[in-house]
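Taking it in order: structure first as structure tokens, then the write-up.
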Amino acid sequence: MSKYIIRGARALEGNVSISGAKNSVLPILASSLLNSGICVIKNVPMLSDTKVSLDILKSLGCKIDVMGNTVVVDSRTLENDKVCKDLACKMRSSIIFLGSILARCKSAKIYEPGGCKLGKRPIDFHIKALKKLGAIIEQDDDDMIVASLEKIKSCEISLPFASVGATQNIILASIFSDGKVVIKNSAKEPEIVDMVKFLRQMGADITGEGTDKITIKGVSKLKEYCEYTIMPDRIEAGTFLCMTAITGGKVLLEGANPNHLLYVIKELEKTGCSFLLKENEILCDAPKIIKPIKFLETKPYPYFPTDMQAQFVSLMCIANGESIIKENIFEARNKHISELRKFGADIKEKDNIFKINGKKEFLAQEVEAKELRGGAALITMALYIDGQSTINGASYIRRGYENIQDKLTSLGADIKYIKS
């Protein structure tokens with residue numbers, strides 16, 4: 001099993017560059033097959049999930065060239081409408097290919113998606129929405145979803161929850177409609193905005209991104225050539241802010257967008273952190289003593305993101321008092337709690353509410369990352385502790401953080417990645 005070995009109790013100091021957004025690049029790669037041409041995508045984070053998406057595109061018949069953090073997708077050679085089970089089961093975001101393949105091929109076959117096990121992550125919203133667009137969808141005993149779609153119906157779809165994935169799938173499936181599709185209660189995340197900007201660069205007619213109402217007017221075709229640069233990863237940036245805070249450091253995040261992290265920054269200011277914000281930079285200066293946060297809960301953007309919950313739990317473990325954090329998005333986003341307790345954290349848990357009594361003394365331990373953001377939280381905790389800790393399950397963490405060990409080393413951390 002791959003792992004990270006960390007000797008903590010070192011303040012992070014210096015500058016670090018933020019990579020392109022994982023949650024943008026995956027739907028943008030899925031979108032790239034729509035123009036039946038060439039897409040040059042820049043600032044691509046080379047993550048394990050990115051590589052799965054590229055393998056899916058290759059399996060569909062696309063030609064892929066990778067040059068550093070630039071990916072060229074040539075979808076003119078697309079010849080297949082099926083995503084095989086081995087690839088679909090490797091990540092949750094594989095489901096986004098359903099909408100784009102349907103739009104391009106008028107048929108699609110894909111298996112139930114995999115990824116981190118965060119409890120029930122139903123794709124019901126996706127399926128119901130696509131059916132309203134006119135898709136015929138069936139599911140066999142092997143969890144394969146078989147869909148066909150001859151013509152998009154002009155319609156209005158009201159999502160019962162502002163689902164990012166469902167919003168993306170509706171947009172992608174509707175690109176070539178003869179009329180207009182309106183999504184109400186659409187997700188507002190910056191990654192949605194990024195995907196829409198990419199599609200608009202190709203010639204799509206979409207308005208309302210970043211609001212709760214998105215309108216897609218169908219076009220007959222897209223431009224055959226497109227260049228686009230992926231936005232910075234706000235969750236990676238937020239994670240480095242928590243790591244800076246817990247180590248009492250001072251770090252400048254380069255290439256980060258402060259506007260995507262306003263809620264996270266506001267909560268970190270409550271802990272005593274101070275910030276200097278510029279257009280593409282965030283300077284975080286951590287206090288000697290972390291103040292507790294009375295109550296914090298996860299909600300869809302623009303509020304506090306579920307993808308930052310685990311890292312904040314780690315930070316509150318060393319706060320000077322009691323903090324309460326409530327997880328509202330995923331009912332099983334709690335796998336980091338038992339592992340943090342191995343370090344000595346004082347956390348009580350009930351109904352996805354975590355009551356954290358901060359303390360100063362912890363023991364270095366061997367723990368296991370069981371999902372992506374929980375793994376980042378364990379690294380965060382280990383950076384604080386005086387002694388050598390081992391974080392097993394590094395493969396989860398590498399799904400969402402590009403070269404995290406190199407970036408932390410550049411900031412003064414003692415961290416090594418051991419490949420299995």
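Please treat every number below as a calculation from the coordinates, not as lab data. As the structure is a computational prediction, the values presented were derived from the model and not from experiment. Cβ sites come from the backbone with ideal geometry, for glycine too, and all protein chains shown count toward neighbours.
Counting only DSSP beta bridges with both residues in region 22-229, the antiparallel share comes to about 70 percent.
Under 5 Å from the amide H of E227 lie the amide H atoms of V40, each residue being 5 or more positions distant or on a separate chain, with H modelled from the backbone and absent for Pro and chain starts. Among (1) 1.17; (2) 1.05; (3) 0.98, find the value of Cα Rg over 2.2 N^0.38 Å that was calculated from the structure presented, and write down its label. Among (1) 1.17; (2) 1.05; (3) 0.98, the one calculated here is (3). Using θ = phi - 60° in the Karplus curve 6.51 cos²θ - 1.76 cosθ + 1.60, the 3J(HN,Hα) couplings for region 195-202 round to 4, 5, 4, 5, 5, 5, 4, 7 Hz; x is entered for Gly and Pro.
Seen from R104, the other residues with C-beta closer than 12 Å to its C-beta sum to a net charge of +1, counting Lys and Arg as +1 and Asp and Glu as -1. Give the distance, in whole Å, between the Cα centre of region 262-322 and the Cα centre of region 175-207. The distance from the Cα centre of region 262-322 to that of region 175-207 comes to 31 Å.
Under 5 Å between amide hydrogens, built in the peptide plane, is the criterion, and for G61 it picks out E79 among residues at least 5 positions away or on other chains. Among the GluC sites (Glu not before Pro) within region 289-379, those in coil by DSSP and having at most 13 neighbouring Cβ atoms inside 10 Å are E331, E361.
Ignoring lysines fewer than eight residues from K294 along the same chain, the ones with Cα atoms less than 21 angstrom from its Cα are K266, K270, K326, K348, K350, K355, K359, K360. Using only side-chain charges placed at the Cβ, +1 for Lys and Arg and -1 for Asp and Glu, the dipole size of the chain relative to its Cα centre rounds to 360 debye.
Modelled spin labels at E138 and L276, positioned 7 Å past Cα toward Cβ, are 6.4 nm from each other. Annotation: extensible slack from K153 through D212 equals 19.2 nm (criterion: 0.36 nm per residue apart, minus Cα-Cα distance). 3J(HN,Hα) along region 167-179, derived from phi through the Karplus expression 6.51 cos²θ - 1.76 cosθ + 1.60 where θ = phi - 60°, amounts to 4, 5, 5, 5, 4, 5, 5, 9, 3, 9, 5, 7, x Hz, with x in place of Gly and Pro.
Which of the three applies to region 22-229, rounded, prolate or oblate, going by the alpha-carbon gyration tensor with a ≥ b ≥ c and a/c under 1.5 meaning rounded? Rounded, since a/c falls under 1.5. Beta bridges per DSSP, both residues in region 308-420: antiparallel share near 75 percent.
Over all other residues within a Cβ to Cβ distance under 11 Å of I18, the charged ones net out to -3, with Lys and Arg as +1 and Asp and Glu as -1.
Sequence-ordered 3J(HN,Hα) estimates for region 409-420 from the Karplus curve with 6.51, -1.76 and 1.60 and θ = phi - 60° stand at 4, 5, 9, x, 6, 9, 9, 10, 9, 10, 7, 5 Hz, glycine and proline given as x. Within a straight-line Cα-Cα reach of under 26 Å, K63 can be paired with the following lysines, leaving aside sequence neighbours fewer than 8 residues apart in one chain: K22, K42, K51, K82, K85, K90, K106, K109, K197, K221, K223. Ordering 138-146, 150-158, 397-405 by mean Cβ neighbour count within 10 Å, with the highest value first, yields 397-405, 150-158, 138-146. Between T70 and K131, full extension at 0.36 nm per residue minus the direct alpha carbon distance yields a gain of 18.4 nm. Other residues whose C-beta falls under 15 angstrom from the C-beta of G248 contribute a net charge of +2, scoring Lys and Arg +1 and Asp and Glu -1.
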